[in-house]
There are 2 protein chains.
Amino acid sequence: MKRVNLRRSVQESNDAVAARNRETFARNGVYVMNIIGSPGCGKTSILEYTARHFDGRFAAIIGDVKTTLDAERIAACGVEAHAIETGGGCHLNAAQIASAIGKLPLAELDFLFIENVGNLVCPSAFDLGENIKVAVLSVPEGDEKVRKYPDLFVRADVLFINKTDLLEHCAYDIDRVKADARKARAGVRIFTTSASGGTGFEPWFEFLRGTRERAVAGPQ
Amino acid sequence: MKRVNLRRSVQESNDAVAARNRETFARNGVYVMNIIGSPGCGKTSILEYTARHFDGRFAAIIGDVKTTLDAERIAACGVEAHAIETGGGCHLNAAQIASAIGKLPLAELDFLFIENVGNLVCPSAFDLGENIKVAVLSVPEGDEKVRKYPDLFVRADVLFINKTDLLEHCAYDIDRVKADARKARAGVRIFTTSASGGTGFEPWFEFLRGTRERAVAGPQ
């Protein structure tokens with residue numbers, strides 16, 4: 001009982017900071033995506049490909065337990081990338097984001113990508129103030145992940161199924177994954193990509209363009 | 001400060017239960033391995049292959065956020081498998097193991113495999129009373145995981161590099177991973193396997209046989 005209350009208290013404190021982040025993002029007209037997936041599913045590679053091939057103004061905040069390797073990869077694409085080393089922490093929290101966004105030119109951005117710590121469990125429970133959560137799965141992880149880790153998939157508006165170049169080498173029922181994802185969250189947008197091969201990105205870019213146009217048009 | 005003390009208190013409480021588990025395991029002469037890796041790295045597949053091809057007496061405790069799919073896979077190999085659904089929890093703890101082992105014929109076992117929740121971060125911080133931690137990485141995850149998630153690799157006595165059948169399709173410097181792992185923990189035993197292809201398991205089986213013989217011989 002004590003632990004439950006404590007968890008609630010940590011969550012409520014995080015939620016209050018996340019709400020302030022959300023106001024800041026809205027005031028600056030930046031659309032924010034919280035990208036969540038297992039270690040090595042291709043989160044950074046998807047951002048790299050997007051940075052190199054999508055014409056938009058964006059920045060990235062990259063969380064990792066240790067090293068700034070991923071932030072360096074994004075910065076090498078000419079995108080402003082801020083690294084957060086959690087030093088053992090298993091997810092990003094709203095306070096870390098609040099601290100990082102003070103260093104970013106928010107008003108000049110269309111999009112802010114937040115790459116969470118590689119972890120399919122803990123990050124889904126912590127609101128950062130984002131507009132949407134983006135889940136990333138990869139083919140070699142196996143096709144039962146939506147069922148086994150439901151907490152992310154009931155919350156994610158976008159799902160990438162990445163590393164489709166490995167489909168021919170893995171037993172993977174992609175239709176089953178899509179059906180599981182739609183059962184977890186009706187209306188989820190699903191993009192099937194190979195970030196290393198550069199395939200499947202046009203529908204994602206179309207989604208980004210549509211999001212930006214709706215943001216410019218303002219609330220209907 | 002409050003949070004640090006609280007985390008310490010949770011850890012100390014866990015450690016006390018883990019110590020009792022460890023006494024129970026030693027009294028029953030069962031050697032216990034805590035298997036940790038990302039979602040989809042092949043933990044269950046390694047256990048399946050071991051169950052089908054290694055001649056030994058073992059049981060398994062299988063942790064998952066949701067579903068008992070993995071425990072069913074192990075049970076289908078003729079091995080007693082106990083499922084723990086954490087319902088959102090990101091790691092197994094010692095109390096869950098204490099509860100599960102009451103239902104297992106410990107005195108009849110050589111080995112108990114505990115498959116932790118798919119997560120490269122949180123499980124490494126919680127002692128379950130095991131003899132050793134076994135880390136599992138897979139080739140498609142990428143070759144920088146030891147550097148990015150060091151907490152597991154400083155503690156693991158055994159490392160599997162699995163899915164070697166995908167080496168020819170992934171940019172993966174396996175020597176770099178081995179070097180990083182040995183730097184994190186000198187003397188780590190490394191097994192390179194393809195659980196789906198059934199290759200690389202003989203050195204692992206040799207390791208299990210040696211462990212059992214040392215247990216039978218008792219302390220020197």
Task: In the range B:95-124, the residues that are in contact (Cβ under 8 Å) with a residue 60 or more places away in the chain and under 13 Å from residue B:35 (Cα atoms) - done: B:111, B:112, B:113, B:114, B:115, B:116, B:118, B:119, B:120, B:123, B:124
TODO: Give the range B:31-49 a look and list any residue that's away from every other protein chain (no Cβ under 12 Å) and either charged (D, E, K, R) or more than 13 Å from the chain's Cα centre (by Cα) (or both), or say none.
DONE: B:48, B:49
Task: Looking only at the range A:189-207, and only at residues there that are open to solvent by less than 20 Å² (accessible area, probe 1.4 Å) and in contact with an Asp or Glu (Cβ under 8 Å, 6 or more places away or on another chain), the one that is farthest from residue A:48 (Cα to Cα) - done: A:194
Open item on the list: Please go through the range B:174-188 and give me each residue that is open to solvent by less than 30 Å² (accessible area, probe 1.4 Å) and in a loop (DSSP other than H, G, I, E, B), ordered by number.
Closed with: B:188
Task: Only one of B:57, B:7 that is open to solvent by 20 Å² or more (accessible area, probe 1.4 Å) and either within 13 Å of chain A (Cβ to nearest Cβ) or touching a residue at least 60 places away in the same chain (Cβ under 8 Å) (or both) - done: B:7
- [ ] Residue by residue through the range A:106-128, note down the ones that are part of a loop (DSSP other than H, G, I, E, B) and either within 12 Å of chain B (Cβ to nearest Cβ) or surrounded by fewer than 23 Cβ atoms within 10 Å (Cβ to Cβ) (or both).
- [x] A:109, A:110, A:116, A:117, A:118, A:119, A:120, A:121, A:126, A:127
Task: Complete set of residues in the range B:129-144 that are more than 21 Å from residue B:197 (Cβ to Cβ) and surrounded by 20 or more Cβ atoms within 10 Å (Cβ to Cβ) - done: B:129, B:130, B:133
TODO: Could you please tell me which pairs satisfy a Cβ distance under 8 Å, a separation of 6+ or placement on different chains, a first residue in the range B:62-81 that is in contact (Cβ under 8 Å) with a residue 24 or more places away in the chain and within 21 Å of residue B:106 (Cα to Cα), and a second residue that is open to solvent by less than 10 Å² (accessible area, probe 1.4 Å) and assigned to a loop (DSSP other than H, G, I, E, B)?
DONE: B:63/B:92; B:63/B:116; B:63/B:117
- [ ] Restricting attention to the range A:131-173, report how many residues are assigned to a strand (DSSP E or B), more than 9 Å from every other protein chain (Cβ to nearest Cβ) and of a type in the set (Gly, Ala, Ser).
- [x] 1
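The values are calculated or read from the model by the stated rules, or taken from the named source; none is laboratory data. Please read these numbers as outputs of a predicted model, since none were measured by experiment. Please note: Cβ atoms are built from the backbone with ideal geometry, for glycine as well, and neighbour counts cover all protein chains shown. Protein only, heavy atoms only, side chains kept; ligands, DNA and RNA dropped before computing areas. Shrake-Rupley method; radii C 1.70, N 1.55, O 1.52, S 1.80 Å.
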